[in-house]
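Some notes on the structure that comes next.
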Amino acid sequence: MQAAPIVPEALALPRRAPAVEGPRSLIGLARPALAAALVEAGVAPEQAAMRAGQVWAWIYQRGVRDFEAMSNLGRDLRARLAERFTLARPEVVARQVSADGTRKYLIRVAGGGEIETVYIPETDRGTLCVSSQIGCTLTCTFCHTGTQRLVRNLTAEEIVAQILVARDDLGDWGRTPVEKRLVSNVVLMGMGEPLYNFDSVRDAMRIAMDGAGLALSRRRITLSTSGVVPEIARVGEEIGCLLAISFHATTDAVRDTLVPINRKWNIAALLDACRAYPRLSNAERITFEYVMLKGVNDSDADARRLVKLIAGIPAKINLIPFNPWPGAPYERSDPDRIEAFGRIVNRAGYASPVRTPRGEDIMAACGQLKSASERVRRATAGAGSAA
Ligand code: SAH
Ligand code: SF4
């Protein structure tokens, strides 16, 4: 198999969203910035924090899109807000519902890019899989998103807006207690590498966790990274959510091909960062994601190496049957192989749930996301030439 190229550093730099004409959105502003915006609209500075609290509750508890509905603000203030600001959502270009209830939204963002957001209903929770970038600079050879070039990083507004769009569509506003909500959990496992867009992801998740707003507890948010080692500790320190690692291989030789960022930060460096992860405990274990690729990384020897490598780390192993996409160079491991692998991991004391593929009929399953507008393979990516 031809190796995928390592990412040029420059591609990992944040790219700015294009300036947008028209009224400014209040979505995605931190509270102090929201208060400052209200002062611009004529609110007395000594009242700004109180008014910002009211507007915040309308936006994030009630999901209102129209300033006119903010009945505890005076009529004049509502009119001034409507002149200057907007609560409009980004455009949902396509919405698909899978036979299993999974919903996929194709969302157009400023500048013409498109992202995908996936809602996965389960019996005890509803998980929203959120994107952090348009495309991805990384080129993991089993991932559909990895075949799409990075267009840019998403802003905090665009990340938060994905949650609002899904809750609008699901009619999920005003439900109490939190457990009754349809969107009860968020995973940063959509398009993109969240740790190459750390600040916007952090700012968005702080809004998602704010108790007087979306009020998702930090334990209901999971950030998945392919292994951007220098940023991993910040997830615990600055967001405090749960961490998932896209591990996928037990030798550097195989991981170098599957997850090319491994050539920059190898397995040993990645596991050092996991061992040093702030907040690591049995109650807050790291999830190791492991995509099951037939004949590539799914042997008994792999399973045994895996448990040896992660020894001492409070962890669970999430086995993900490979989800195919057009032109993918891999096959899914057989169910009995996945089971045998899981048994070895399990016997070593780690929970090893197999992730049921969801939304496959609408290409919404893990690693299948890729904007419909972007079908052209990166000429430089090597996956297409693999077996
Ligand atoms: N970029 C981040 C988060 C998005 S990917 C990361 O890589 O962690 C979310 C998960 O889906 C990752 O574990 C990823 O490795 C996995 N994945 C990607 N393509 C897949 C595929 N075709 N089948 C199954 N899982 C896949
Ligand atoms: Fe990017 Fe994650 Fe896909 Fe790798 S698996 S290409 S890091 S989205």
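The values are calculated or read from the model by the stated rules, or taken from the named source; none is laboratory data. Just so it is clear, the structure is predicted and the values come from calculations on it, not from any experiment. Here the Cβ positions follow ideal geometry from the backbone for every residue, glycine too, while neighbour counts run over all protein chains shown. What goes into the accessible areas is simple: the full protein's heavy atoms, side chains included, and nothing from ligands, DNA or RNA. Shrake-Rupley method; radii C 1.70, N 1.55, O 1.52, S 1.80 Å.
Here are the numbers for the structure shown:
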quantity: Selection count where residues are away from ligand 2 (no atom under 16 Å from the Cβ), assigned to a loop (DSSP other than H, G, I, E, B) and more than 25 Å from residue 221 (Cα to Cα), scope region 267-296; calculated: 2
quantity: Evaluation of residue 295 against (1) open to solvent by 10 Å² or more (accessible area, probe 1.4 Å); (2) within 16 Å of the chain's Cα centre (by Cα); (3) closer than 23 Å to residue 365 by Cβ (one fails), failing number; calculated: (2)
quantity: Single match in 285, 275 (criterion: more than 25 Å from residue 135 (Cα to Cα), in contact with a strand residue (DSSP E or B) (Cβ under 6 Å, 6 or more places away or on another chain) and assigned by TED's automatic domain parsing to the domain that holds residue 128); calculated: 285
quantity: Given (1) in a helix (DSSP H, G or I); (2) open to solvent by less than 10 Å² (accessible area, probe 1.4 Å), index of the condition residue 158 fails; calculated: (2)
quantity: Set 338, 313: member being within 16 Å of ligand 1 (Cβ to nearest atom), open to solvent by less than 60 Å² (accessible area, probe 1.4 Å) and within 19 Å of residue 250 (Cα to Cα); calculated: 338
quantity: Residue 265 within 12 Å of ligand 1 (Cβ to nearest atom), among the aromatic types (Phe, Trp, Tyr) and either assigned by TED's automatic domain parsing to the domain that holds residue 117 or in contact (Cβ under 8 Å) with a residue 60 or more places away in the chain (or both); calculated: no
quantity: Test: residue 164 is within 18 Å of residue 91 (Cα to Cα), more than 16 Å from ligand 1 (Cβ to nearest atom) and over 15 Å from the mean Cα position of the chain (by Cα); calculated: no
quantity: Matching residues in region 122-133 - criterion: being of a type outside the set (D, E, K, R) and either at pLDDT below 95 or assigned to a loop (DSSP other than H, G, I, E, B) (or both); calculated: 123, 130, 131, 132
quantity: Condition met for residue 343 (of a type in the set (Lys, Arg), part of a loop (DSSP other than H, G, I, E, B) and more than 12 Å from ligand 1 (Cβ to nearest atom)); calculated: no
quantity: Lone unmet requirement of (1) away from ligand 1 (no atom under 15 Å from the Cβ); (2) surrounded by fewer than 18 Cβ atoms within 10 Å (Cβ to Cβ); (3) more than 24 Å from residue 192 (Cα to Cα) for residue 272; calculated: (3)
quantity: Within region 316-335, tally of residues that are of a type in the set (Asp, Glu) and within 12 Å of ligand 1 (Cβ to nearest atom); calculated: 1
quantity: Inter-residue pairs, beta-carbon under 7 Å, first at pLDDT 95 or above and in region 275-299, second aliphatic (A, V, I, L, M) and in a loop (DSSP other than H, G, I, E, B), 6+ apart; calculated: 275/313; 286/280; 286/313; 288/310; 297/249
quantity: Top-ranked residue in region 94-111 [being among the β-branched types (Val, Ile, Thr) and in a strand (DSSP E or B); ranked as farthest from residue 145 (Cα to Cα)]; calculated: 97
quantity: Hits in region 128-143 (condition: closer than 20 Å to residue 105 by Cβ, open to solvent by less than 10 Å² (accessible area, probe 1.4 Å) and within 11 Å of ligand 2 (Cβ to nearest atom)); calculated: 131, 132, 133, 135
